[in-house]
2 protein chains.
Amino acid sequence: MAFRLCAARGGAGRAIARHTVGTAWRRHYASATQPYFPDEPKEPIVKTEIPGPESKRAIEKLNKVFDTRALNMMVDYTKSLGNYVADPDGNVLLDVYAQIASIPVGYNNPALRKAATSPQMVSAIINRPALGNFPQHDWADILETGILKVAPKGLNQVFTGTTGSDANELAYKAAFMWKRQQERGGRDVDFTQDEINSSMINQAPGAPPLSILSFSSAFHGRLFGSLSTTRSKPIHKLDIPAFDWPRAPFPQCKYPLDQYASENAAEEQRCLAETERLIKEWHHPPAAVVVEPIQSEGGDNHASPNFFRGLRELTKKHNILFIVDEVQTGVGATGKFWAHEHWGLETPPDMVTFSKKAQTAGYYYGNTELRPNKPYRQFNTWMGDPSRAILFRAIIQEIERLDLVRNTAETGAYLYDGLARLAERYPDEIRNLRGKGQGTFIAWDSPRRDEVLKRAKGEGVNIGGSGERAVRLRPMLVFQRHHADLLLERLERIFKS
Amino acid sequence: MAFRLCAARGGAGRAIARHTVGTAWRRHYASATQPYFPDEPKEPIVKTEIPGPESKRAIEKLNKVFDTRALNMMVDYTKSLGNYVADPDGNVLLDVYAQIASIPVGYNNPALRKAATSPQMVSAIINRPALGNFPQHDWADILETGILKVAPKGLNQVFTGTTGSDANELAYKAAFMWKRQQERGGRDVDFTQDEINSSMINQAPGAPPLSILSFSSAFHGRLFGSLSTTRSKPIHKLDIPAFDWPRAPFPQCKYPLDQYASENAAEEQRCLAETERLIKEWHHPPAAVVVEPIQSEGGDNHASPNFFRGLRELTKKHNILFIVDEVQTGVGATGKFWAHEHWGLETPPDMVTFSKKAQTAGYYYGNTELRPNKPYRQFNTWMGDPSRAILFRAIIQEIERLDLVRNTAETGAYLYDGLARLAERYPDEIRNLRGKGQGTFIAWDSPRRDEVLKRAKGEGVNIGGSGERAVRLRPMLVFQRHHADLLLERLERIFKS
């Protein structure tokens, strides 16, 4: 299959007047921007119920060997293109969920296809190295031209991993090693025999009673350490042993944020005060605070830059680390490459974790004190995957070539305005609209959320939810105005129904 | 690059007389088997010290952005072939460590290259699905013709993951959910409000004080849950908070196992008794016992099939699960596809975890009671990686085509005999030789282990260690008699020096 991909005239549509709700959204797109995927469908195709008969057969077959109860939609990726996802029944949907926010530059993107068939990629697939012991000769180059090229300001080192949960746990381990090093008196102070012995039976002081502080409704993953910091939903946590780590309140802000600035500031102050109290008093002292720039899985909860600047100051004041979990917010979705760029921090975070749209994972850091004082302390067999690092490099090149972070900022602003107008007309359907100025990282609350998501499929749009009642938009970075128009049009149909 | 690969006449050399140590090991190989990789070097090439000048430059460059203190050897994978690993200085070494036991069928294997450039693989790389929500239409087929085709007897289901640590933690989570379901009274009994509320603050009963029992010197990974069951070395565990889970003694057997059968049986009985005591008395009751068929990272420690059958019986008796960690032992290395096939179990393990040579990861299970009672309890964004599952399928096909499990059993027996003869001549160099009848999964203790490994590089052989003093052989499944001859010859040179 060979699809064409064009460079869009990124900002060409910026001056075009916004139209009111109820006009034909799509009429304007041709004049606004050239599509990145000229061969993309012009609109969704809905041929059958979803799942249709072919999908049902495939689901039944799969269910015999693989749990399918969380299955949302059976997909034929070979027939998917750009922003459109296809199923085995010939249905083709505009996809604003994008594999739980993890497809960056469109299905079957030709530039990624080129990278995927390059000799370097093929070698990486069939000769997977144990990176810590036997790195490939061009690993530094792959990092520097890829993962590290987009490193957050102030962070020039990386430890690579495989998934978001893995990235966070690796960062937590780095935090604990750093904290104990501080307590011990520096990098050159060796472990005591008591530490060595007790570590082997999972007891203090070798296995120290330290913690990671996270926030109510946070999501940081599902492995044992990361799950201990996840606070979004009981279904993720029930029956799994967890560390006795502190949970601070995440601000429950009112939206739009700027309209309730003073109330929100007071709420954020309350949360910062409680965070500080926990840092000082929790019986297992935190080595780090971990936070998402926008809580995603937990319901798309926002706070102001002030809150995050406050957290940064608190962690500095109490000599603990500040870990920013950019697994879902990173790689352009908020209209900045990293969402924490919106905060105007004076001191960068100590660590920033990434995964999803990066298609690889890990944590960035800058302070070399965060390299453990001995080898093999932060280590595992694969330590990531060069094939995925090569893919991320191709993704970065595509983002740069098409100016996709700017596209996302602009398309997001356009989409937000359209949704705001819809919210005026359908105030019961769109409540607490949020994500203004945050690219396409937009959500709202719906009193009939699950029904809206289901009906959206019938209208040819694949949308996800977050938290208990939020509709979350997580389109790709190649989501353009004409897609926004189409989305708004289909949403209005649902709201009218 | 196009390398040829031949089907070897697998058993053709079986009748050839074993030669004594000191003869020219390699002379016999041509008549024994055809090489799988006809273009492989006939012997190692050592041009420079390792690392040589080119490698040193690459290491220096990499060290600026990536911790290189665990670096063993800088590798040029594009120039590596079959059992031979190349570095940027033109050194080409016989590799019997194989990326910490994770390369199954040789570097740049043409069959894997073909799979890696197939349209299905390319799509899997560039369109990575969120498998739990949006599986690809051919996912059941990929599983059935690949991962599940080699499922251990009695286990016909799989949950896929990304790494060995991930696989073990997923299995632990399944065990905890199963155990609590039992305690609660079955699949249909819902969570109490108290469980729901307490889970969110990491407290019992929602986050239950259950445990996983593991053994002294075990290695099961490095994330927080898996690390809590790892007991091999303090350097992995120091400064990382851990769960208060029980550690049972792993038998400290004498080698060769059959020569000390009665002493070993007594030692195993002692360990089983203590395991049972811990299962009954540990203050955080175990939901499962996890064990490696041969403890690998912890020093290549063996026990008899009786011990493992005893463990299986104990877990049944006390209604807890038996998890076999085949991350390092699986996929042919011990002369069976799964090492636990050596045990002759009456009841299969409840779960078997895999990674490394599979190039993907996950756990097998059979009992559908191990599917959690609700969706989204065992879930994450990617849930594995179809591109790696496709690669594993190609690996399985290659193993079948070349009869590589049998090759490994036979080459392993041949190699073991050669090492036994070397041990007779150099009893101070080869102590506690072990792995008889376990394919090429062979190890011995050396009083100057690190020096032997270092000197081996100079002799053109890449070997790894395990535990404090073991030399561990972990060749690929394409390791043949002529490679064994060469290895024995080079080892003898080292022992003579």
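The values are calculated or read from the model by the stated rules, or taken from the named source; none is laboratory data. Quantities reported herein were computed from a predicted structural model and do not represent experimental measurements. Cβ atoms come from the backbone with ideal geometry, glycine included; neighbour counts cover every protein chain shown. The accessibility values were calculated without ligands, DNA or RNA, using every heavy atom of the protein model including side chains. Shrake-Rupley method; radii C 1.70, N 1.55, O 1.52, S 1.80 Å.
Computed from label points 7 Å out along Cα-Cβ, the spacing between A:Ile235 and B:Glu43 is 6.4 nm. P(r) for segment A:409-450, please, calculated from all Cα pair distances in 5 Å bins and given in %. In whole percents, the pair-distance histogram is 6, 28, 31, 21, 13, 2. B:Arg469 sits with roughly 130 Å² accessible to a 1.4 Å probe, with DNA, RNA and ligands left out of the calculation. Working note: Debye formula, equal point scatterers on the alpha-carbon atoms of segment A:213-328, no solvent; log10 I(q)/I(0) at q = 0.23 Å⁻¹ is -1.39.
Rolling a 1.4 angstrom probe over segment B:219-343 with all protein chains present gives an accessible area of which 49% lies on carbon and sulfur atoms.
For B:Ala261, the label point sits 7 Å beyond Cα toward Cβ; its separations from the matching points on the remaining copies run 8.5 nm, from shortest to longest. Mean projection of the Cα convex hull over all viewing directions, computed for segment A:232-296: 5.6 nm².
The residues packed around A:Pro119, meaning those with a beta-carbon under 12 Å from its beta-carbon, carry a net charge of +1 if Lys and Arg are +1 and Asp and Glu are -1. Residues whose amide H falls under 5 Å from that of B:Phe215, counting only those 5 or more places apart or on a different chain, are B:Ala248, with hydrogens built in the peptide plane.
The residues neighbouring A:Asn202, those whose beta-carbon lies less than 13 Å from its own, together hold a net charge of 0 under the Lys/Arg +1, Asp/Glu -1 convention. Annotation note: GluC sites (Glu not before Pro) in segment A:410-497 located in DSSP loop regions with a Cβ neighbour count of at most 15 within 10 Å are A:Glu468. Taking both sides together, the accessible area buried where A meets B is about 11200 Å² for a 1.4 Å probe. Between B:Glu183 and B:Asn306, what's the calculated FRET efficiency when r is the beta-carbon distance and R0 is 35 Å? Round to 0.05. My answer for the efficiency is 0.65.
The A:Lys496 and B:Arg277 beta-carbon pair, evaluated with R₀ = 56 Å, returns a calculated FRET efficiency of approximately 0.25. Dividing the mean sequence gap of close Cα pairs (under 8 Å, 6+ apart) by how many residues segment A:119-399 holds gives a relative contact order of 30 percent. Inter-label distance, B:Lys64 to B:Tyr376: 4.7 nm, where each label sits 7 Å from its Cα along the C-beta direction. Gain on full extension, evaluated as 0.36 nm per residue between B:Asp428 and B:Lys454 minus their Cα-Cα distance, stands at 7.6 nm.
How large is the helix-only mean residue ellipticity at 222 nm for chain A, computed as the sum of -39500 (n - 2.57) over DSSP H runs with n ≥ 4, divided by its residue count, in deg cm²/dmol to the nearest 500? Using -39500 (n - 2.57) per qualifying helix, the result is -11000 deg cm²/dmol. All Cα-Cα separations within the protein assembly as shown were binned at 20 Å from zero, giving a P(r) of 14, 46, 33, 7, 0, each value a whole percent of the pairs. Selection among A:Phe134, A:Ile320, A:His302 by position relative to the dipole of chain A gives A:His302 as farthest towards the positive end (Cβ unit charges, Cα centre).
Panel values: segment B:59-211, Kirkwood radius from alpha carbon pairs, Stokes-Einstein at 20 °C and 1.002 mPa s, translational diffusion coefficient 105 µm²/s. The residues B:Thr360, B:Thr381, sorted by heavy-atom accessible surface at 1.4 Å with ligands and nucleic acids left out, run B:Thr381, B:Thr360 from largest to smallest. Counting from the shortest, the label point at A:Lys280, 7 Å from Cα toward Cβ, is 5.1 nm from the same position in each remaining copy. For A:Tyr376, inter-copy separations between label points set 7 Å beyond Cα along the Cβ vector come to 4.3 nm, shortest first.
Taken along its three principal axes, the alpha carbon spread of segment A:119-399 comes to 56, 52, 39 Å, from the longest extent down to the shortest. Less than 5 angstrom separates the built amide H of A:Leu433 from those of A:Asp445, all sequence-distant by 5 or more or on a different chain.
This model, with +1 at the C-beta of Lys and Arg and -1 at the C-beta of Asp and Glu, gives the protein assembly as shown a dipole about its Cα centre of some 1280 debye. Of A:Ala86, A:Leu71, A:Pro104, which is farthest towards the positive pole of segment A:42-110's charge dipole, taken about the Cα centre with +1 and -1 on the beta-carbons of Lys, Arg and Asp, Glu respectively? The Cα lying farthest towards the positive end belongs to A:Leu71. Bridgeable lysines around A:Lys280 (alpha carbons under 29 Å apart, same-chain partners fewer than 8 residues away excluded): A:Lys173, A:Lys179, A:Lys233, A:Lys237, A:Lys254, A:Lys316, A:Lys317, B:Lys237.
Set the Cα radius of gyration of chain A against 2.2 N^0.38 Å, with N its number of residues, and you get 0.99.
Among the trypsin sites (Lys or Arg not before Pro) within segment A:411-457, those in coil by DSSP and having at most 14 neighbouring Cβ atoms inside 10 Å are A:Arg448. Between A:Glu263 and A:Lys316, the simple label model (points 7 Å from Cα in the Cβ direction) yields a spacing of 3.2 nm. In the complete set of protein chains, residue-level accessible area for B:Asp190 is approximately 90 Å², probe 1.4 angstrom. Tell me whether segment A:281-352 comes out rounded, prolate or oblate; compute the Cα gyration tensor, take square roots of the eigenvalues as a ≥ b ≥ c, and use a/c under 1.5 as the rounded threshold. The shape class here is prolate. Here segment B:420-497 is treated as a Stokes sphere of Kirkwood radius computed over C-alpha pairs; at 20 °C and 1.002 mPa s its diffusion coefficient rounds to 170 µm²/s. Per residue of peptide A:96-109, the mean number of Cβ atoms on other chains within 10 Å of the residue Cβ is 3. Accessible area of B:Asp417 (1.4 Å probe, protein heavy atoms only, ligands and nucleic acids ignored): about 50 Å².
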